Structure formats: structure tokens, C-alpha cells
1. What residue, of Val332, Val338, Val311, Val342, is among the hydrophobic types (A, V, I, L, M, F, W, C) and in contact with a His (Cβ under 8 Å, 6 or more places away or on another chain)?
2. Of everything in the range 58-70, what is touching a residue at least 12 places away in the same chain (Cβ under 8 Å) and either more than 16 Å from Glu19 (Cα to Cα) or in contact with an Asp or Glu (Cβ under 8 Å, 6 or more places away or on another chain) (or both)? Give them in sequence order.
3. Would you be able to say whether some residue in the range 311-318 is surrounded by 20 or more Cβ atoms within 10 Å (Cβ to Cβ) and β-branched (Val, Ile, Thr)?
4. Could you grab me the full set of residues in the range 321-360 that are surrounded by fewer than 17 Cβ atoms within 10 Å (Cβ to Cβ), of a type in the set (Asp, Glu) and touching a residue at least 24 places away in the same chain (Cβ under 8 Å)?
5. Within the range 219-278, restricting attention to residues that are of a type in the set (Asp, Glu) and in contact with a Leu (Cβ under 8 Å, 6 or more places away or on another chain), which residue is modelled with the highest pLDDT?
6. Exposed (fewer than 12 other Cβ atoms within 10 Å of the Cβ), aliphatic (A, V, I, L, M), more than 19 Å from Leu26 (Cβ to Cβ) and in the same structural domain as Gly278 (by TED's automatic domain parsing), is that true of Ala111?
7. For the range 44-77, how many residues are among the hydroxyl-bearing types (Ser, Thr, Tyr) and assigned to a helix (DSSP H, G or I)?
Amino acid sequence: MVEHVGGASGRAELVTIGEFARLSRLSAKALRRYDELGLLRPALVDPVNGYRYYDRAQAETARLVAWLRRIGMPLARIAEVVALDDGAAAAEIRAYWARVEAETAARRELASFLVDHLSAKENAGMSNGNGTGRGPGALGIRYAALAHPGAVRASQQDTAYAGARLLAVADGFGESGTRASAAAVDALKPASHGAVNAADLLGVLHEAAESSARAVHDAVGGDGVPAESGTTLTALMWTGERLGLVHIGDSRAYVLRGGDLFRITHDHTLVQSMIDDGSLTEEEAASHPQRAMLLRALTGGPETSAARPDVRLHDTLPGDRYLLCSDGLSAVVDEADVTRTVIAADGPDAAVSALVALAGDAGAPDNVSCVVADVVAL
């Protein structure tokens, strides 16, 4: 059965649900479900018999809904995406998938850690017969932190902290950015005061990350308050054997190992998501007008998945040098120059001073904060 609705200049060709199912390559059952969920309403429902009729032009939307369900997008978010124009929908899908990949990477690392941890326990038990394993390695860290307001900003919204068990950089934004960055770092400190063994580190990190999110929410906002102020957070917690990473936003953590500087964090930004899906190169990202747009941060707005830091574990070696920095450094100084400076510096104090000076030479348009720590054999 086919019907035509509308005048001569704008006629919609309506088809039955069975015919539309064939057009869209979906089942009638799926189409009825999409109608119930409000994802894809029929163009017409017969008021007498309840039969559903669809416009042939709706087939593309139907297929989009099916594709989004296949990538695991929640139904509420699908409803938002299909209501957008093509460009905005593409950006929303890109942001969603970047988050999925980041969360998948975190789960992959957790699975790897659990395999290694349980295998080590088994091997230790076989070697000494009591399952206690070996004690902590004799490693320690030497550290320094430095924050500078830069040459342009009127206030300092960064927080940089370095202690025997905690290294952290937070880059605040918005009217209450200073309070946000301080609250995020302060909330981590209690978790770092006592000794944490490597087996318990992951649980401690998750609790500390949740504490930071709550602290920022309480410090700068509350329920119903727009997310206009907030902060990034990149922190490392030291057990004596390994480091735990807490990360959200575009502040960064690097490790210098074997003469090479490796970034161990992933920016939660729009341009990084575009780099990840191949629609933007690193070179293009550097000059993109939205390069500072964050997809995830700790804010005063409602608590969502976009306000949950990534948590992961990182093995260390004697001689490693770690750098944490806000984008006041990474966005204005070429990574090759950062690498040369980190390699050449004689100790953490010299390194943070030289890095802040590099940002100053580049104009220091933003607050600059750096933390450097060396892993040393005791």
C-alpha cells in the first residue's frame, strides 16, 4: 500500500512498515521498537487501525539509528544525534567514539595489569612456597614543581604539586578555575599520605579520582549549575614500585626513557579525537581554531562520564624521568625542544626552571606549570 501526502510542490511518498523495512534493511520489529523509544517516528499512524506508514526519505535516518546502535551508542544519545544536522552529528559521533576508545584502552591496561599481577603472585608462591612474593623494590623519586602565570594572563589558575608520593598538574578554566585546580589536587593528597602497595594501587586511584571529581563539583558548582568553570588533572601516585596515573583533559604526562620522550596520556580534546579518526593531522591540529576545546574535564556541572578521569598503572625503571605539564607548555613549545631540555637538565629543579623559561621565550600566552621527577635507585 502506498499513499501520497502533501501538495504538488512537496509530496511525501508513504509506504507500509513492511515495505519500509525492506528499504531500510531493518526488521519491522526493530522499527516498532525505534518508534516506542522515540528514535524514529512513523510519518503517519492510521487512527483507526494503528498501521504505521513511513516516508521513503526516512530510510537514511533508520539506517543511521541502526549503525549507531551497532557501535554501542546509548539510546538517549542516538536520539540527540539523529536530530542534528550532518556536520554536528559527525562531530558528536567522533567525540563519542574517542571516549569509547579511551575507556577501552583503560580496560585493556587493567586486564594486562591483572594478568601480570596474578602471574607474579603465582610465580612468587612457586619460588618461595609461601605466596608472599618479594618486597618493594628499592626505588625512590626526586622531584620539583614550578607554576608561572605567564606573560598575558592576569591570574594564575594552574596548580602544580610535587611530593614524595604524589605529582600533579591541574589547569583551571573559567571564573572559578583557580579554586577548581586547587580542589582537584588537594583531594588527591590524603590518598598519597600512607604507603600503598602495588596490588592496592588501582583501587586507591579510582577512589582518589572520584574524590577529585566531587571536590571540584563542590568547590565551583553544584547540581543544576552550568559547567562553566573546571579544571584538567594529570597526576602520578608513587608506591615505591610503580606509578598510578589519574588523567582528564589536556594537561600531559611524559616519560623520558632510553633517551626518548614518550607521552603516556591522551588528550581529551576535539582536535585529538579528529586526529584519532584520521580527519586531522598533527600539523593541522596545531593551528586548528578549536584546538583548546575539551571533551572531558572536571567541572562544577552535573556529574557525567565526561567528568570521570582515566585511571591506569605505569611500570617504572631506575633512570626514568617524568614530566607533567599544562598546555601552557605543550601548546606553545615544540616537543623536540621539550625533549632536548628534559634530557639536558641536571636534575628536576633545573628541568622545571628551563621548561618554564622555554614557554616564556615562546610568549607564554597562558599559565605554565611543570612537574619533573626522577626515579632513582636508593
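1. Val311
2. Leu64, Val65, Ala66, Leu68
3. Yes, the range 311-318 contains a residue that is surrounded by 20 or more Cβ atoms within 10 Å (Cβ to Cβ) and β-branched (Val, Ile, Thr).
4. Glu335, Asp349 - these are the residues of the range 321-360 that are surrounded by fewer than 17 Cβ atoms within 10 Å (Cβ to Cβ), of a type in the set (Asp, Glu) and touching a residue at least 24 places away in the same chain (Cβ under 8 Å).
5. Only one residue tops the list, namely Asp250.
6. Details: exposed (fewer than 12 other Cβ atoms within 10 Å of the Cβ): yes; aliphatic (A, V, I, L, M): yes; more than 19 Å from Leu26 (Cβ to Cβ): yes; in the same structural domain as Gly278 (by TED's automatic domain parsing): yes.
Criteria met by Ala111.
7. Number satisfying all stated conditions: 1.
The rows are residues; the columns are (1) assigned to a loop (DSSP other than H, G, I, E, B); (2) over 28 Å from Ala357 (Cβ atoms); (3) touching a Pro at 6+ places or on another chain (Cβ under 7 Å).
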| position | (1), (2), (3) |
| --- | --- |
| Glu283 | no, no, no |
| Gln290 | yes, yes, no |
| Arg312 | no, yes, no |
| Ile343 | no, no, no |
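The values are calculated or read from the model by the stated rules, or taken from the named source; none is laboratory data. Here the structure is a predicted model, which is why all the values come from computation and not from measurement. Note that we place each Cβ from the backbone using ideal geometry, even for glycine, and neighbour counts take in every protein chain shown.
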